[in-house]
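Note sheet for the following structure.
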Amino acid sequence: MKVTVFSTRPYDRLFLEEANDGRLTFSFYDARLDLSTCALAEDCPALCAFVNDDLGPEVLLRLFNGKTRMIALRCTGFNNVDFYSVRNLEFTVARVPIYSPPSISEYTIGLILALARKICRAWLRTREGNFSLEGLLGYNICDRKAGVYGTGRIGAGVAKILRSMDCDVVACDPYENEELTKLGVRYVSQEELFRTCDLITLHCPLTKETKYLIDDRAIDLFPDGTMLINTSRGGLVDTRAVIRGLKSGKISALALDVYEEESEFFFQDFSDRVIQDDVLARILNFPNVIVTGHQAFFTQEAMRAIARQTVDNLLAFSRGETPQGVVPWKSVLGNAGQ
């Protein structure tokens, strides 16, 4: 089966070909999937897309007319897919539900420690021969109250590590994790988590309900000097509101591995170009902010697992079977899908 792969980088090709072992015929393209690039998938029964590819109504219709019937997402999230069109056009959409939760959990902890101990600032100084400690005073994480918003596999992993560091951990999630409660994690309301935590880390999907979960109203609830971490989805955070929170002191430190408008910038080299997004350019200039380019997932273990599941999903479709990672559009659309 022929498969067009969009938004590919050398590492994508390496891991997908390793998992494929010649069973599928891949055509790799650096270009993102959008209306201008749909033709690259013409006459291909399946395509492989990533987090910032456009799978909206117009794109899906164009793909359908080009004889594509299956979309393999090499990621967990699917908020970039219009499932009304998926339902109407009868596409099969499969994702990678689980690949390496520790990759993101451990990266989140790394960001927390880097902010608390000002490691990035210290590294920049010592490269210039400045070994002064002025301005590098940090604080212990074990003395802080941490709020974990979302306790799926990734959030649960973060909560476990924080508990192992003797943090007082509270969580907010519709479904309580019994293993976490046995470790001393208490489940609280969203408002209580926002009002009482010195450190807040986000690990929930992006839905209509969680869009701009962190906005001006939420930030007003924060204790002064709250640390905020987002390694989940960019749209959970209203970046303009966060800038106001940084300026007011409500937010003392911020780490973003995702950004609400990241599709125009992330996974690309802009080092010799001017960043035209004024909000992104502004937030990059705060000394108490770390921004990374959607890197939390990027480990050898995760890439191998993503490639294996993606190839398995594609092979299942080629055999006329339901892929293990299929996204059931009825559950995504709820009552509207009936």
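Would you tally the residues in the stretch 134-151 being more than 30 Å from residue 211 (Cβ to Cβ), assigned to a loop (DSSP other than H, G, I, E, B) and either free of Cβ contacts under 8 Å to residues at least 24 places away in the same chain or in contact with a strand residue (DSSP E or B) (Cβ under 6 Å, 6 or more places away or on another chain) (or both)? Going through the stretch 134-151 one residue at a time, the tally reaches 6.
The residues of the stretch 102-114 include none that are touching a strand residue (DSSP E or B) at 6+ places or on another chain (Cβ under 8 Å) and either open to solvent by 20 Å² or more (accessible area, probe 1.4 Å) or more than 23 Å from residue 297 (Cα to Cα) (or both).
Scanning the stretch 32-59 for residues being open to solvent by less than 40 Å² (accessible area, probe 1.4 Å) and either more than 20 Å from the chain's Cα centre (by Cα) or among the hydroxyl-bearing types (Ser, Thr, Tyr) (or both) gives a total of 7. The set of residues in the stretch 279-338 being open to solvent by less than 40 Å² (accessible area, probe 1.4 Å), among the aromatic types (Phe, Trp, Tyr) and touching a Ser or Thr at 6+ places or on another chain (Cβ under 7 Å) consists of 297 alone. If you go through the stretch 177-209 and keep only what is within 22 Å of residue 296 (Cβ to Cβ), hydroxyl-bearing (Ser, Thr, Tyr) and open to solvent by 20 Å² or more (accessible area, probe 1.4 Å), you end up with just 207.
Evaluated against (1) part of a loop (DSSP other than H, G, I, E, B); (2) closer than 30 Å to residue 266 by Cα; (3) among the aromatic types (Phe, Trp, Tyr), residue 194 falls short on exactly one condition, (1).
Pairs meeting the criteria (first residue in the stretch 11-39 and farther than 17 Å from residue 310 by Cα and in contact (Cβ under 8 Å) with a residue 40 or more places away in the chain, second residue among the hydroxyl-bearing types (Ser, Thr, Tyr) and surrounded by 12 or more Cβ atoms within 10 Å (Cβ to Cβ), beta carbons under 6 Å, at least 6 apart or on different chains) are 32/7.
The values are calculated or read from the model by the stated rules, or taken from the named source; none is laboratory data. Bear in mind that the values here come from a model prediction, so they are computed numbers and not experimental data. Backbone-built Cβ (ideal geometry, glycine too); neighbour counts: all protein chains shown. Ligands, DNA and RNA are stripped out before the accessible areas are found, and what is left, the full protein with its side chains, is counted by its heavy atoms. Shrake-Rupley method; radii C 1.70, N 1.55, O 1.52, S 1.80 Å.
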